[in-house]
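Read through the structure below, which is laid out as structure tokens, and then see the notes.
The values are calculated or read from the model by the stated rules, or taken from the named source; none is laboratory data. Predicted model only: the values in this text are computed from it and were never measured. FYI the Cβ positions are ideal-geometry reconstructions off the backbone, even for glycines, and counts take in every protein chain you see.
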Amino acid sequence: MKSIRKFLAAATIISLIAVAYPAIRSSAANYEQQAQQTDGAGGKTTRQVAIVIDDFGNGSAGTKEMLNLPVHFTVAVMPFMHMTRQDAESAHKLGHDVLVHMPMEPNHGKREWLGPGAITANMSDQEIRHRTEAAIKDVPYAIGMNNHMGSKITADEHIMRIVLSVVKEHGMFFLDSRTTFKTVVPKVAAELGVPLLSNDVFLDDVYTESHIAKQMGVLHKHMDSHVKGVAIGHVGAPGKKTAAVLTSTIPKLQQSMSFVRLSEMLGTSPEKDIIPHT
């Protein structure tokens, strides 16, 4: 009797698999079709990845190596630093996008890590607007902005409404670095109509090549189920290590995805649709 029950149970499982398999195959095929973007001629293109490198502007380690990466990427330049203008101009000449890497107060961290011109929670509305305007003017060729640190500020709806209003007035987009899960940036950007992108993976939150390589694996895994992905790395302490890992892994990843500037993810051309400040 037990043998018969086992046989019937096995037969039932096999039947269920036989019924479900076509649906599973169909679902997988639909996913793969959706995961591939189509160009204007109806052909297929690979998934898009945007690499953003933060903390340019201070002559930090890895600056030269990053600018020599084999793909176009996005350079986030801190304002009011001794190399701000030079780094922004160099990046622009090489065809990279330039962002204002806006210093914003975090919940935790040393104040000196912020750099000059930071937005803090104790400022008046007028001062927040003034500092945002000044930062944009200080970074030539900037077409967008992202936050440097800022876990406290990007969770403050009132402050981010002021910042993003200025961003909108300059025809720029915003990249939410997502330094806090409490971010209000998507909500406010949607209300104001500010073009928005969000970070998916921090590459070098731990300063070792093994960790950075692991994070590139996380990015690769993310792209298994997404058509677009954004990853943030840094010059500075991890700069040369991050550049080395990117240089060695990008060629392999290019077999299944394309590396683009952030503006390309927005479907805009920085030459035609966005007028960079010079």
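A few notes on this one:
- Near pairs, Cβ below 7 angstrom, 6+ apart or cross-chain, from the range 198-210 (under 30 Å from V188 (Cβ atoms) and in the same structural domain as L99 (by TED's automatic domain parsing)) to any residue that is hydroxyl-bearing (S, T, Y) and surrounded by 15 or more Cβ atoms within 10 Å (Cβ to Cβ): N199/S177; L203/T242; D204/T242
- Note on the range 242-261: residues that are in contact (Cβ under 8 Å) with a residue 60 or more places away in the chain and either hydrophobic (A, V, I, L, M, F, W, C) or crowded, with 19+ Cβ neighbours inside 10 Å (or both) amount to 10.
Okay, residues lined up against (1) among the basic types (K, R); (2) part of a helix (DSSP H, G or I); (3) out of contact with any Asp or Glu (no Cβ under 8 Å at 6 or more places or on another chain):
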{"position": "I162", "(1), (2), (3)": "no, yes, no"}
{"position": "P186", "(1), (2), (3)": "no, yes, no"}
{"position": "Y207", "(1), (2), (3)": "no, no, yes"}
{"position": "I212", "(1), (2), (3)": "no, yes, no"}
{"position": "A244", "(1), (2), (3)": "no, yes, no"}
{"position": "T247", "(1), (2), (3)": "no, yes, no"}
{"position": "I250", "(1), (2), (3)": "no, yes, yes"}
{"position": "Q255", "(1), (2), (3)": "no, no, yes"}
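- Test for D205: is it of a type outside the set (S, T, Y), modelled with pLDDT of 95 or more, in contact with a His (Cβ under 9 Å, 6 or more places away or on another chain) and surrounded by fewer than 15 Cβ atoms within 10 Å (Cβ to Cβ): yes
- Restricting the range 164-181 to residues that are outside any helix (DSSP H, G or I) and of a type in the set (G, A, S), the residue that is surrounded by the most Cβ atoms within 10 Å (Cβ to Cβ): S177
- Residue within the range 146-154 that is over 21 Å from the mean Cα position of the chain (by Cα) and buried (at least 22 other Cβ atoms within 10 Å of the Cβ) present: no
- Of all the listed residues (D97, D125), the sole one being touching a residue at least 12 places away in the same chain (Cβ under 8 Å) and either of a type outside the set (D, E) or surrounded by fewer than 17 Cβ atoms within 10 Å (Cβ to Cβ) (or both) is D125.
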